[in-house]
Amino acid sequence: MATADCTKLRILFADDEKPLRELMRLELPRLGHDVTVCDDGRCALDVIEKASFDVALLDIRMPGLSGIEVLKRIKEVAPETEVVLLTGHATVETAVESLRYHAFDYLTKPCKMAELEAVLHRVAEKRALLNKTIALENRLRTAEGQPRLVGGSKPMQRVADIIAKVAPTDSTVLVLGETGTGKEVVARTLHEQSQRSSMPFVPVNCGALPEHLVESELFGHRKGAFTGADQNRKGLFEVANGGTLFLDEVGELPKSMQAKLLRFLESGEVRRVGENEPFRVDVRVLCATNRGLRDMVADDDFREDLYFRINTFEIELPGLRERPDDIATLAEHLLMRAAKGKDISGLLTPEAIDALKTYTWPGNVRELANVMEYAYIVSGGEPIGPDHLPGHLRGAASNSIFPPASQTLSLHELEMQYIVRVLDQNEGNKPETAKQLGISLKTLYNKLNLINETNSLAG
């Protein structure tokens, strides 16, 4: 099983002494790092303007350009690269000058490999902490409380069992389910139960990324790679190094990016836009979608090889209407979130719970969360009854699409009634209705035509 390795660094080493260059060419990979070796400062600048490095080890006295001059230029073109200066002629002046230009450290030659290894370990720790910070900021921008899996129904027990088995591995997982069923919660749970739990969890909604910026967002870019790229930028794969990247709505990725995602899954390498050299990152990828990827493969809208690569394991989340036994528990959990931790004991009345259980929940758990927030605000802290629920839930029992026990409907008749119900709730908006039903717009039109034909025959 692969484990997260965040101590591996991409190192640029520049020194005019050939024996030292050859030593580093051998020793740095032995320590687990990737190394590029240069024999002078000019070569170092040429290389760093074409590729990304975590750290540059620079001799201060080199022909052409000194290590200090290279340091200053690196901080202009690649400020995220840490620089460690090496010198056989240490003086207070050179030490002060190196620190003035934000060198990470300053070592006197000949330095022991143990000393260099200790400095590189501190660089790796700093970069890991920075990635965690970026990931946390990303998470806080989108967080709505701390989500967790809630429910003891049989469908959710099956989900929990699969999570327990696959979470400790590094296998790719495809989470399927309608909009609002909690696919990101499953992905976070997989991460938290994995060996990567102390490292970043980075969620990204592929459907929300502008098509012309998808590659830059995922893989990063070099300054000047395209109009508006005014500085180097890490991609989300790099931010997630050592942890988990969650690609929500993966079916929305354009075909060109599907190929690049497949390449990463096969090689573990990413390449920033505007750079020639790829580099490796250690990232577990989890994907989710509410679309039928098999149908998309058949329609040539999704790569078949990528489909088989991302669904080593599939976890299919049930809709909320398929797990009515969980509604009361979920409602209380979401009410507590809406109350921001205040005591809600006894706030949700049995009558309100009955109304919630009767409703069909086309928007699933996300819709229930919104309903609980609405009810908490409207009730003003008083016990929540049916009158505190949104209008379309009031009297849900009398408006249910499900027949009374004395009446029996076929599955086809129930489906027709449910489609009409959701269409009415969306005021005739067919694209939104198709999205909530988890079917294509074409399929919705076909079903509506069938309903109209059935009604015409009945008339």
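Taking 28 Å as the straight-line reach from the Cα of Lys430, the lysines in range (excluding those fewer than 8 positions away in the same chain) are Lys183, Lys255, Lys357, Lys442, Lys447. Note on Lys223 and Met113: their simple-model spin labels are 3.5 nm apart, each label 7 Å out from Cα toward Cβ.
With the highest mean first, a sort of the peptides 109-118, 309-318 on other beta-carbon atoms found within 10 angstrom per residue produces 309-318, 109-118. Each Lys and Arg contributes +1 and each Asp and Glu -1, all at the Cβ; summed about the Cα centre of region 235-286, the dipole is approximately 120 debye. Treating each Cα of region 332-393 as an identical point scatterer and summing with the Debye formula, the log10 of I(q)/I(0) at q = 0.23 Å⁻¹ comes to -0.92. Around the Cα centre of region 332-393, unit charges on the Cβ atoms of Lys, Arg, Asp and Glu (plus for the first two, minus for the last two) sum to a dipole of about 260 debye.
Could you list log10 I(q)/I(0) for region 220-343 at q = 0.21, 0.22 Å⁻¹, which the Debye formula gives when each Cα is one point scatterer? The calculated log intensity ratios at q = 0.21, 0.22 Å⁻¹ are -1.18, -1.25. In this Cβ point-charge picture (+1 for Lys and Arg, -1 for Asp and Glu), the chain has a dipole of about 400 debye about its Cα centre. Here the extension length gained between His412 and Gln425 equals 2.7 nm, from 0.36 nm per residue of separation less the Cα-Cα distance.
Computed from label points 7 Å out along Cα-Cβ, the spacing between Glu211 and Asp34 is 3.0 nm. Taking every pair of Cα atoms in the chain, average 1/r, invert it to obtain the Kirkwood radius, and report Rg/Rh to two decimals. So for the chain, dividing Rg by the Kirkwood Rh gives 1.10.
Taking a cut-off of 20 Å, what percent of all Cα-Cα pairs in region 144-316 are separated by more than that? When all Cα pairs of region 144-316 are counted, 53 percent exceed 20 Å. Compactness of region 10-130 was expressed as the Cα radius of gyration divided by 2.2 N^0.38 Å, which yields 0.95.
Positive end of the dipole of region 144-316, charges at C-beta (+1 Lys, Arg; -1 Asp, Glu), about the Cα centre: which of Asn311, Ala259, Leu245 has its Cα farthest in that direction? Going by the charge dipole, the pick is Leu245.
For region 10-130, the number of Lys pairs separated by eight or more positions or lying on different chains, with C-alpha atoms closer than 20 Å, is 5.
FYI, it's all coordinate maths here, none of it is from the lab. Remember, predicted model here, so these are calculated numbers, not experimental data. Cβ coordinates were reconstructed from backbone atoms using ideal geometry, including for glycine residues, and neighbour counts include every protein chain displayed.
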